[in-house]
Amino acid sequence: MKNDQIKRDAAVAGYFYPDNPEVLRTTVRQLMMEARTDAPVPKALIIPHAGYVYSGITAAIAYATLRPAADRIRHVVLLGPAHRVYTRGLALCHATHFSTPLGEVEVDREAVERLQALPQVNYSDAAHRDEHSLEVHLPFLQYLLGEFTLVPLVVGESSPQEVGEVLDLLWGDEETVIIISSDLSHFLDYETASRIDRETMQAIEQLQLEKIGSNQACGCMPVRGLLHIARQRGMSTRVLDYRNSGDTAGNRDRVVGYGAVSFYQN
């Protein structure tokens, strides 16, 4: 690293996903090979952020929609919820690069500078330091896109309008994709979770942001922000996948829900 570069080290490698580069690359490759979708390339996606053994296939199905555009997507706007540190508004960090076992991803400094004009955007290295909601997406993006720049935002207490204003500023053209990181319900029994999550997925599909709270999605703040701007822009949606940890690698007494939804400009 150059002297003017600041690295945000991987915090959950070896926990949420493999820390060995070859094992990680093989894991992501296998998930992407298993992923099947006929959905067109979206402008934005909602994708879960659990350990790969739990939500990796749902994430892979979402990322598979970007395969046809992998050679043109050069900018990723990535928003995820704050799990560990209370955050007001949307938090950047001072890192110039985010590191995973697959290498380093450069932060889009020009976009970050533009964001500093918004009062709801602040800096919190603490909010980013141990946060997994952004990090778990990076190996998928590195495998799929190769070189790209990143705008990483941890979203805390904020309104749909505040998040929507940030997304609007960063919207960009076909070289930019927006990723919203969120799981669905947490620690309910399998049947209850399945019912609640299906209702949540329907609300997302219909852009009914008023029906999305913290009991429906841990990333409700960034999800509502995307739904707000999607409603303003008249976007269409498509549910790509739904399952929960009881379908993948956990028992069915206390499950976490995972859904993937794509958003299209009309």
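The values are calculated or read from the model by the stated rules, or taken from the named source; none is laboratory data. These figures come from a predicted structure and were not determined experimentally. Cβ: placed from backbone, ideal geometry, glycine included. Neighbour counts: every protein chain shown. Surface accessibility is based on the protein's heavy atoms, side chains included, excluding ligands, DNA and RNA. Shrake-Rupley method; radii C 1.70, N 1.55, O 1.52, S 1.80 Å.
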**OP:** Output the residue which, of all residues in the stretch 82-123 that are closer than 27 Å to ASP19 by Cα and among the charged types (D, E, K, R), is surrounded by the most Cβ atoms within 10 Å (Cβ to Cβ).
**Re:** ASP108
Original post:
Does LEU207 meet the test of being open to solvent by 10 Å² or more (accessible area, probe 1.4 Å), in contact with a helix residue (DSSP H, G or I) (Cβ under 7 Å, 6 or more places away or on another chain) and at positive phi?
Top reply: yes
**OP:** Scan the stretch 176-201 for residues that are part of a helix (DSSP H, G or I) and more than 19 Å from the chain's Cα centre (by Cα) and report the count.
**Re:** 9
**OP:** Have a look at GLY234, GLY213 and point out the one that is small (Gly, Ala, Ser), open to solvent by 10 Å² or more (accessible area, probe 1.4 Å) and either in a helix (DSSP H, G or I) or at negative phi (or both).
**Re:** GLY213
**OP:** Would you check if PHE140 is modelled with pLDDT of 95 or more, at positive phi and either buried (at least 20 other Cβ atoms within 10 Å of the Cβ) or in contact with a helix residue (DSSP H, G or I) (Cβ under 9 Å, 6 or more places away or on another chain) (or both)?
**Re:** no
Original post:
Which condition does HIS83 not pass, out of (1) at pLDDT 95 or above; (2) out of contact with any Phe, Trp or Tyr (no Cβ under 8 Å at 6 or more places or on another chain), if it passes all the others?
Top reply: (1)
**OP:** Taking the options GLY156, GLY164, name whichever one is modelled with pLDDT of 95 or more, under 18 Å from HIS49 (Cβ atoms), in contact with a helix residue (DSSP H, G or I) (Cβ under 8 Å, 6 or more places away or on another chain) and surrounded by fewer than 24 Cβ atoms within 10 Å (Cβ to Cβ).
**Re:** GLY156
Original post:
If a residue has to be part of a loop (DSSP other than H, G, I, E, B) and over 23 Å from GLU113 (Cα atoms) to count, how many in the stretch 59-99 make the cut?
Top reply: 9
